[in-house]
Every structure is written in C-alpha cells, then in structure tokens.
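**Student:** I have a structure I would like to understand better, so I am pasting it below and will then ask my questions one at a time.
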Amino acid sequence: MKKIIYIVVGIVIFLVVAGFITKAVIEKVTRDITEREVRRIAGDQAEQITQEEIDRITQQKTEDITRSIIGVGTTSNSLKTVECDKIPAARQFSAPSYYEGPLIDAHLHMPFTFDVPKSLYAQADFDGAVLEKDVPAASLICLFDKTNVKSALGFYVVPSLLKTQSLVQIKQIHKQFSGRIAPFIMTAHVSALNIQPADVESVLQANPGLFKGFGELALYKDAYKGVSPDDESLLPYYEVAEKYNLVVMMHPDNNQQATVKKILQDYPTVKFLFHGHEIVPAIAEIIAFPNAFYTIDTDLSDVPGESNSVNLYAGKTKAQFVSDFKRDYDKIQATALKNWKSLIEQHPDKFLWGTDRAYTIHFDSEVGALLDESARAFIAQLDPAAQEKFAYKNAERLIEMGGENE
C-alpha cells in the first residue's frame, strides 16, 4: 500500500512541477484519483484497497497540490519596524470645508498573510498586496496616523488549508497595534481554498474575541457565480455569525435584492454590512431592515458607470492613478453628493465610510492622502448631525454589536 501512495504522490509532484497550478487542474487531477485509477495502478493488489484508503489518498493529493501552489505558510514570522513622521500631507484640492474629526475605514482588504501565485488567484480576479513583503503592517498604521484614521474593519483572507498559519500575523498585528484593525475572516474566493463554516467556527473557538466579522463575501466573483445570498451553502456561515455575534460583510451580485431582503428577514439578529453597486437600486428598501448597513467607499474615488474614470481597481501605476484622481476629483465629489447625501441624511445611522483599498498602491501614503481628502471634503457637505456617524461612529457601534465570541 505504501508503494501505491508513493506512486500517487509522485504523480502529484510531477503535475505541480509541470506547472499545472490552476483551479481547473486541481479539480481535474483530484477527480482522476478514483477507485478505478487506483485499482489500475495497484494491479494484482486491487482487491486489498479499501474505499477509506482511496479517500485518504484523494484528500492528501488535493492538499499536496494546494500547499505546493500557495506555499507552506505565512510570509514572515515578525513584523517590520517602520519609521513614521506622522506629518499630514498637504491638501491637493480646494473645498469649501473639510471634516476634521476621526475616521474609521469600514472596508479595507488587509494584505495577504501568505504569498499567492497570480496563476492560482486568477479565479478571485484580485491582485492584493502581501503583508510585510509589499506592505508592512507598521506602514499601514503610519498611514492611519498621518490621516487621522482611528481604525479599520480589516478583511483577512484565511484559506482552508492555512487556517492556522495565516493567523500568525493577524494575531501579531492585533497584539502590536491593539484596536487599530478589527479583524474579519474572509474566504479566498477560490473554490479549492474557501474556508468552510466548520473551519470558521474552529478558528473562532481557538481565538476567542479576536474576530469581529465574517467577509467580505463577494458573490459576484467566479467562485460564487450563481450562488444567491440565501443559498443553502451560505446559511451555515450566517449561523456561525449568529452564534458568535459576528458582522457579516457581503457584496451581492446583480439581481439579488430579493434574496438579500430574505436573509435579513431570516437572520434578524445578524448584522449585515453591504456594499457594491449591484444593490444600489434597492438600497433604501434594504437599509430599512434594522440589521442592514452599507459602506460608501469607491464612490469617493471614482465616477460610477464611467469606464475611463480613475477607478481604484483599474491596475494603474501610482503616477497614473494620482493623475486621473486629480483630473476626476470635482466630478467624483459632485456625483457622490448627488447620489448619497440625501440618503445618508435620511438614514444617518445606516451608512459607513470606507475605501475598499487592497492593492499595493492603495497603501501608499500619497494615494492614502488623496482618499482621505476626498472623504473629508464629502463628509463636510453632509448635515452636521450625520457627519461623525458616517465618518466613524456607525462603524464603532457596529463593531460593538459584534465580535464577542462565546
């Protein structure tokens, strides 16, 4: 039997070395390890092979391939030291006034705590930064200090096979920069790597009080295409969130307004934080639910619906992004005020400010200063009674509602 396992593992190593590292190949080679294939390899020992052994080999094969693709763990066992001058950047735009108070970024994709080959992560359509390699945690905190950002709701990708290793830096940041990042457990948005509800619960049990939420759950991504918010596969996540009092952060896909309302009704004690243009047409109806909240983020760094606008996720160089941001700034402000000012003022307890930063350039100090300046100019145009709520108090209150693990 050991010989059979060696042969199978040898096939695995050959396939990985040969470069078959996409999701489709992972699934294909895993399917190939069937009872028929093992019997063919085993020859005259076929009758001695049990289904349990076949299942074990199949599982090991999948894990070996996945581990070979995403590496063996975190990128670093320590956090870098960064010198921080904390001097705010000079403002680049002329505005009637600026909101001067604290901010909480309610939508921030934390850099990966592991290094991911782009060939694997293509399914997620996401080119996020890597912690300590591209963005040291200390430089992010320095950016917060320079822009008067109190803290952030930070979405950490926790892959199913790295649910222990990927937590090392999350816990280090939580210890070293206490209160600056409210951690959320985020799925990988790659089918083969998505953390399952039982694993989410095991992480929560092993780390009581660490995590404040679950998400972002991006249902428009390929890994979730065709999966509605009320799909049976997602309900266990909501049940875990309900049990551990976590906020669920979700980006629904098009035409999912009805099922968004259904989960809000079916899970009235779970706080759902939404974002994304797909549900904007029904946002007034959605936030009418007492457990629904919404972040306004890229609308303060882009002109929605204009393909040639600055676009936070266009993959531009820093120089091009800064140039386009300055070009589009006035239109960004005018459009955001037209689309959101009245809604925020009518529902001042339901909307939160965020950035949706994730790529390496998003954590650059110059880019961060532009995002901050845009937010402050927008907030200053809101009714004074709504300004602090949108800027940070709603986020603060939301996190106080969630995250107390049993």
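**Student:** Which of the residues spanning segment 328-347 are in contact with a strand residue (DSSP E or B) (Cβ under 8 Å, 6 or more places away or on another chain), under 13 Å from LEU300 (Cβ atoms) and aliphatic (A, V, I, L, M)?
**Tutor:** Within segment 328-347, ALA336, ILE344 qualify.
**Student:** Next question, about the same structure. Tell me, yes or no, whether segment 121-128 has at least one residue that is outside any strand (DSSP E or B) and more than 16 Å from the chain's Cα centre (by Cα).
**Tutor:** No, segment 121-128 has no match at all.
**Student:** Could you tell me whether ILE170 is out of contact with any Leu (no Cβ under 7 Å at 6 or more places or on another chain), β-branched (Val, Ile, Thr) and within 28 Å of TYR220 (Cβ to Cβ)?
**Tutor:** Yes, satisfied.
**Student:** Does any residue of segment 312-328 turn out to be among the acidic types (Asp, Glu), in contact with a Phe, Trp or Tyr (Cβ under 9 Å, 6 or more places away or on another chain) and on the phi < 0 side of the Ramachandran plot?
**Tutor:** Filtering segment 312-328 for residues among the acidic types (Asp, Glu) gives 324, 328.
Then keep just the ones that are in contact with a Phe, Trp or Tyr (Cβ under 9 Å, 6 or more places away or on another chain); that gives none.
Within segment 312-328, none of the residues are among the acidic types (Asp, Glu), in contact with a Phe, Trp or Tyr (Cβ under 9 Å, 6 or more places away or on another chain) and on the phi < 0 side of the Ramachandran plot.
**Student:** Report every pair of residues separated by at least 6 positions or lying on different chains whose Cβ atoms are under 8 Å apart, first residue within segment 90-114 and not assigned by TED's automatic domain parsing to the domain that holds ASP372 and basic (Lys, Arg), second outside any loop (DSSP other than H, G, I, E, B) and modelled with pLDDT of 95 or more.
**Tutor:** ARG91/GLU373
**Student:** Which of (1) modelled with pLDDT under 95; (2) touching a strand residue (DSSP E or B) at 6+ places or on another chain (Cβ under 6 Å) does GLY226 not meet, given it meets every other one?
**Tutor:** Failed condition: (2).
**Student:** Please state which one of PHE351, PHE325, PHE321 is closer than 19 Å to VAL248 by Cα, of a type in the set (A, V, I, L, M, F, W, C), buried (at least 19 other Cβ atoms within 10 Å of the Cβ) and assigned by TED's automatic domain parsing to the domain that holds TYR220.
**Tutor:** PHE351
The values are calculated or read from the model by the stated rules, or taken from the named source; none is laboratory data. Only a predicted model underlies this, so the values are computations on that prediction, with no experimental measurement involved. Cβ sites come from the backbone with ideal geometry, for glycine too, and all protein chains shown count toward neighbours.
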